[in-house]
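The values are calculated or read from the model by the stated rules, or taken from the named source; none is laboratory data. Predicted model, so just to flag it, every value in this text is computed and none were measured. Don't worry about glycine lacking a Cβ; one is built from the backbone with ideal geometry, like all the others, and counts go over all protein chains shown. Side chains included, ligands, DNA and RNA excluded: accessible areas come from the protein's heavy atoms. Shrake-Rupley method; radii C 1.70, N 1.55, O 1.52, S 1.80 Å.
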Amino acid sequence: THMTFDTNGIIGMPLQSSYSGTLSAIQTIATGTWTKLSLATETYDKNNDFDSSTNYRFTVPVDGLYLCAFNCGFGLTAGNECGVNIFKNGSEFARRHDVPGESGKHFHVNVVAIGDFDASDYLEFYAFHTEGADDTLTGSVEYTWVNVHKIA
């Protein structure tokens with residue numbers, strides 16, 4: 001189907017690229033190392049733009065502006081750094097670091113960015129921490145998730 005307009009001016013874009021996904025299981029993140037996330041559970045992927053089985057990456061289908069949102073819930077000791085990073089074509093695109101002030105609770109770090117991407121650009125999602133030992137990320141929409149949507 002094609003783009004539609006209803007009587008209230010609402011635009012329907014059935015083929016607009018839209019992806020949301022999470023980890024399918026707990027993933028171990030080594031301390032001090034940017035680790036690519038294995039986002040194997042797709043909540044939705046309207047045009048099959050995300051590879052959820054081998055490369056765990058979103059491949060841009062057409063040129064345009066895309067809204068990217070990425071969140072990880074870490075369970076770290078207070079004072080240790082943690083971060084999330086979106087890579088575009090293997091280079092850093094958007095990153096956020098933070099340091100939890102309290103231990104024992106899930107500490108969420110997220111980044112939201114809009115990018116002007118070309119068709120065949122690809123996005124990958126990485127996590128990082130300095131706990132001193134391995135940490136794990138929970139495979140749940142409550143803790144670790146990614147959204148990528150074409151907006152223009």
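Counting Lys +1, Arg +1, Asp -1, Glu -1, what net charge surrounds SER18 among other residues with beta carbon under 15 Å of its beta carbon?
-1
Tally Lys and Arg at +1 and Asp and Glu at -1 over the other residues with C-beta under 13 Å from the C-beta of LYS88: what net charge comes out?
Values: positive: ARG57, ARG95; negative: GLU92, ASP116, ASP118, ASP121, GLU124.
Charge balance in the 13 Å sphere: -3.
Per residue, how much accessible surface does the chain expose to a 1.4 Å probe? Answer in Å², no decimals.
Accessible area per residue: 50 Å².
At a threshold of 8 angstrom on Cα-Cα distance, excluding pairs fewer than six apart, so keeping six or more, what relative contact order does the chain reach in percent?
Across the chain, relative contact order equals 35 percent.
Given a 10 angstrom Cα cut-off, can you work out which residue in THR130, THR33, THR138 is the most mobile in a GNM of the chain?
Of THR130, THR33, THR138, the most mobile in the Gaussian network model is THR33.
Along the Cα-to-Cβ line of SER120, 7 Å from the Cα, sits a label point; which residues in region 41-80 have backbone N less than 20 Å from it?
48-51, 55-66
Kindly give Rg over Rh for region 99-152, based on alpha-carbon atoms, with the Kirkwood expression for the hydrodynamic radius.
Rg divided by Rh gives 1.03.
Quick one: if you take sqrt(5λ) for each eigenvalue of the C-alpha gyration tensor of region 13-95, what semi-axes come out, biggest first, whole angstrom? Please list the in-between numbers first.
Numbers: eigenvalues 132, 43, 27 Å².
The answer is 26, 15, 12 Å, longest axis first.
Rounded to whole Å and ordered largest first, report the semi-axes of the equivalent ellipsoid of region 44-131 derived from its Cα gyration tensor (root of 5λ).
Semi-axis lengths for region 44-131 are 28, 13, 11 Å.
Using the Karplus curve 6.51 cos²θ - 1.76 cosθ + 1.60 with θ = phi - 60°, what ³J(HN,Hα) values do you get for each residue of region 110-116, in whole Hz, with x for Gly and Pro?
Per-residue couplings from phi come out as 9, 9, 10, 8, 10, x, 9 Hz.
Starting from the Kirkwood radius over alpha-carbon pairs of region 82-127, derive D by Stokes-Einstein at 4 °C in a medium of 1.567 mPa s and give it in µm² s⁻¹.
On the way: Rh = 12.0 Å.
It diffuses with D of about 108 µm²/s by this estimate.
Over region 1-143, what percent of the accessible surface lies on carbon and sulfur atoms, probe 1.4 Å?
Working: 3580 of 7220 Å².
Answer for region 1-143: carbon and sulfur cover 50 percent of the accessible area.
What does the convex hull of the Cα atoms of the chain come to per residue, in Å³, rounded to a whole number?
Each residue corresponds to 118 Å³ of Cα convex hull volume.
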